[in-house]
1. With ALA142, ALA127, ALA132 as the choices, which residue is modelled with pLDDT of 95 or more, of a type outside the set (S, T, N, Q) and within 19 Å of PHE90 (Cα to Cα)?
2. Filter segment 102-131 down to residues that are polar (S, T, N, Q), surrounded by 22 or more Cβ atoms within 10 Å (Cβ to Cβ) and free of Cβ contacts under 8 Å to residues at least 40 places away in the same chain, then give me how many there are.
3. Quickly run through segment 141-160 and pick out the residues that are more than 22 Å from TYR107 (Cα to Cα), among the aliphatic types (A, V, I, L, M) and out of contact with any Ser or Thr (no Cβ under 8 Å at 6 or more places or on another chain).
4. Quick check on segment 91-105. Is at least one of its residues among the charged types (D, E, K, R) and in contact with an Asp or Glu (Cβ under 6 Å, 6 or more places away or on another chain)?
5. Of the residues GLU129, GLU185, which is over 25 Å from LEU70 (Cα atoms), over 12 Å from the mean Cα position of the chain (by Cα) and assigned to a helix (DSSP H, G or I)?
6. From GLY91, GLY115, which residue is within 14 Å of the chain's Cα centre (by Cα) and modelled with pLDDT of 95 or more?
7. Could you grab me the full set of residues in segment 132-142 that are in a helix (DSSP H, G or I) and surrounded by fewer than 24 Cβ atoms within 10 Å (Cβ to Cβ)?
8. Which of the residues that make up segment 66-86 are crowded, with 17+ Cβ neighbours inside 10 Å and within 17 Å of the chain's Cα centre (by Cα)?
Amino acid sequence: MRSPTVFLATLATLASLVLTTGAHAAGTAPPPRMPPPTQAMPDTDTPSKDSTAAPGRAEAERVYAKGWDLAQEAKQELATGKSDSAKKRFGKALKKFKEATEIDPTYYQAWNMVGYCSRKSGDLKRAFEAYAKCIEIEPEYAPAHEYLGEAYLMSGDVAKAKAQLLWLVARKAAGEVATLTQSIEAYEKSKGAGSAADSTAKGGGW
């Protein structure tokens, strides 16, 4: 059985190949604020199976945009050590993203953000359910697979996190590969120090 060091070294090599093959990096964040409905543009990185917007999508996009702003603010607060305030703001963002999915149940980006905000709020059960829903709608959506890997790390399941990383490597999702690799490395280094879950929650993932 390969050691974690050898495994990560192999993944680092694969990641470098991904970065040098000209693949377009989707980034670690989901699509930012959705454009106004009159200027709607396709998501070229992660095309949906059905290019026709579902009924209510315009309103769902407006709600999503509000949630996105709240999540960005929460992320900034978390980065500056304001964890309590960040958790409350993530909770408010979660309500907006959940509302967006209620308006349009096919809105996979919103399901992904329900998972993200749930994870940042410490609700892994809801996070896993939301990521599963997102991937059910759009199996090739790389950001959800990266976030799912982060959730597996928080739950202590390194093997499943690495499985998500291998999936991302196979898809040449350079940005997500780099982010999840960083998080796995941080987890491996902190393993046994009693702070693995905390370092993962605060570390590499957006």
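The values are calculated or read from the model by the stated rules, or taken from the named source; none is laboratory data. None of the values given here were measured: they were computed from a predicted structure. Methodologically, a virtual Cβ is constructed for each residue, glycine included, from the backbone with ideal geometry; neighbour enumeration extends over all protein chains shown.
1. Numbers: ALA142 fails: within 19 Å of PHE90 (Cα to Cα); ALA132 fails: within 19 Å of PHE90 (Cα to Cα).
Exactly one residue qualifies, and that residue is ALA127.
2. The initial filter retains those residues of segment 102-131 that are polar (S, T, N, Q), namely 106, 109, 112, 118, 121.
Within this subset, residues satisfying the condition of being surrounded by 22 or more Cβ atoms within 10 Å (Cβ to Cβ) are 109, 112, 118.
Imposing the further condition that a residue be free of Cβ contacts under 8 Å to residues at least 40 places away in the same chain reduces the set to 118.
Matching residues across segment 102-131 total 1.
3. Passing the criteria: VAL158, ALA159.
4. Restricting attention to segment 91-105, the residues satisfying the condition of being among the charged types (D, E, K, R) are 92, 95-96, 98-99, 102, 104.
Right, trim to in contact with an Asp or Glu (Cβ under 6 Å, 6 or more places away or on another chain) and you get none.
There is no residue in segment 91-105 that is among the charged types (D, E, K, R) and in contact with an Asp or Glu (Cβ under 6 Å, 6 or more places away or on another chain).
5. Numbers: GLU129 fails: over 25 Å from LEU70 (Cα atoms).
Within the list GLU129, GLU185, the selection yields GLU185.
6. On the way: GLY91 fails: within 14 Å of the chain's Cα centre (by Cα).
Going through GLY91, GLY115 in turn, the sole match is GLY115.
7. As a first pass, look at segment 132-142 and keep what is in a helix (DSSP H, G or I): 132-137, 142.
Passing the criteria: ALA132, LYS133, ILE135, GLU136, ILE137.
8. Of all residues in segment 66-86, those crowded, with 17+ Cβ neighbours inside 10 Å come to 66-68, 70-71, 74-75, 77-78, 86.
Passing the criteria: GLY67, TRP68, LEU70, ALA71, ALA74, LYS75, LEU78.
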